[in-house]
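Engineer: My structure is below; once you've seen it, I'll send some questions.
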């Protein structure tokens, strides 16, 4: 195993014997720009490389042969690339999994959500098994979101950024007529190639896209469900001044670009009431939030129930606890000398981080 990283002591009133104390242990090396790590449901980790490759962990080593290689169709670089992976809840039976990537088509840059199918018992996926689920155009090369996750309800949730540039020039954040700047929710277990759940909030609103679950996101870079409560936590990357953590609920408007965090941005754009984040922080502390997970593992008991997230630019991991109305814990947990691009959670609830530039996966330990 690699060297353990420096742990900063906790600060403030929560700095007592019960305060979560963590460190990181290097688990896997030799990756190229990892942006996601996912468990297939059987305790096996799969790592997404931004260029368009998914790799397998085999007994603590990276399999040199890709699980899936779609570099021939992925437009990668900057904030584009293969950005998300979600295994179907019944993957171990049906072999189905889903990816989110950007590609360049004759009409321009767009995001593709696709399904692939693994032949059970094999370690390679035929790229020709791709079945496109959804696509939407991208006006600029940044703010793609990219997260995919199945909720406790078995539906697939999709995170989309506002399409890029600066200041949301097309007003996508507050528009219900575009998939950009949204969290979407679809049912991929019905044809063709998905259905919209009847209880989605805008199904019966004629001027809104029915796939939308929540809106007003700028760049939702990683969201996850608390496996105990089902709450959907999201880190939304800010623009000039503020980063935020949201608990995303059905039909709610999270403010962008009328607001950045809890602060006015272009307030005249607001469509209806806005839902405040549970946490925002200024760019004196960090510049690019990375959403994480509520810890529900057993290795670090003092971390139970803590939402663990990070800042990509400023290199820290922090934790907060939300009781439904206020934060009962809000502290830096660890400083790291590298860029964390994403977190991952295994079937036991233990957490991992992606070292983007160093090409590593590390594990949180006590």
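The values are calculated or read from the model by the stated rules, or taken from the named source; none is laboratory data. All figures in this text were calculated on a predicted structure; none of them were measured in a lab. Positions of Cβ are generated from backbone atoms using ideal geometry, with glycine treated the same way; all protein chains shown enter the neighbour counts.
Engineer: Which residues, counting only those in the range 124-139, are in a loop (DSSP other than H, G, I, E, B) and over 24 Å from the mean Cα position of the chain (by Cα)?
Structural biologist: Across the range 124-139, the qualifying residues are 124, 126.
Engineer: Taking the conditions exactly as written (part of a loop (DSSP other than H, G, I, E, B) and not assigned by TED's automatic domain parsing to the domain that holds residue 77), does residue 305 satisfy them or not?
Structural biologist: Yes, satisfied.
Engineer: Tell me the residue from 163, 154 that is in a loop (DSSP other than H, G, I, E, B) and within 18 Å of residue 91 (Cα to Cα), please.
Structural biologist: Among 163, 154, only 154 is in a loop (DSSP other than H, G, I, E, B) and within 18 Å of residue 91 (Cα to Cα).
Engineer: Restricting to the range 328-349, and then to whatever is closer than 15 Å to residue 304 by Cα and assigned by TED's automatic domain parsing to the domain that holds residue 312, can you tell me which residue is surrounded by the fewest Cβ atoms within 10 Å (Cβ to Cβ)?
Structural biologist: 328
Engineer: Do you know which residues across the range 319-366 are touching a strand residue (DSSP E or B) at 6+ places or on another chain (Cβ under 8 Å), without any contact (Cβ under 8 Å) to a residue 60 or more places away in the chain and closer than 19 Å to residue 232 by Cβ?
Structural biologist: Hits for the range 319-366 are 321, 327, 351.
Engineer: Could you tell me whether the range 175-189 includes any residue that is part of a loop (DSSP other than H, G, I, E, B), in contact (Cβ under 8 Å) with a residue 12 or more places away in the chain, farther than 19 Å from residue 269 by Cα and more than 20 Å from the chain's Cα centre (by Cα)?
Structural biologist: Yes, the conditions are met somewhere in the range 175-189.
Engineer: Return the total of residues in the range 240-297 being assigned to a strand (DSSP E or B) and either at positive phi or surrounded by fewer than 17 Cβ atoms within 10 Å (Cβ to Cβ) (or both).
Structural biologist: The total comes to 3.
Engineer: Then there's this: Yes or no: residue 111 within 16 Å of the chain's Cα centre (by Cα), touching a residue at least 12 places away in the same chain (Cβ under 8 Å) and part of a strand (DSSP E or B)?
Structural biologist: Against the criterion (within 16 Å of the chain's Cα centre (by Cα), touching a residue at least 12 places away in the same chain (Cβ under 8 Å) and part of a strand (DSSP E or B)), residue 111 qualifies.
Engineer: So is residue 128 on the phi > 0 side of the Ramachandran plot and assigned by TED's automatic domain parsing to the domain that holds residue 236 or not?
Structural biologist: So residue 128 does not fit the description; no.
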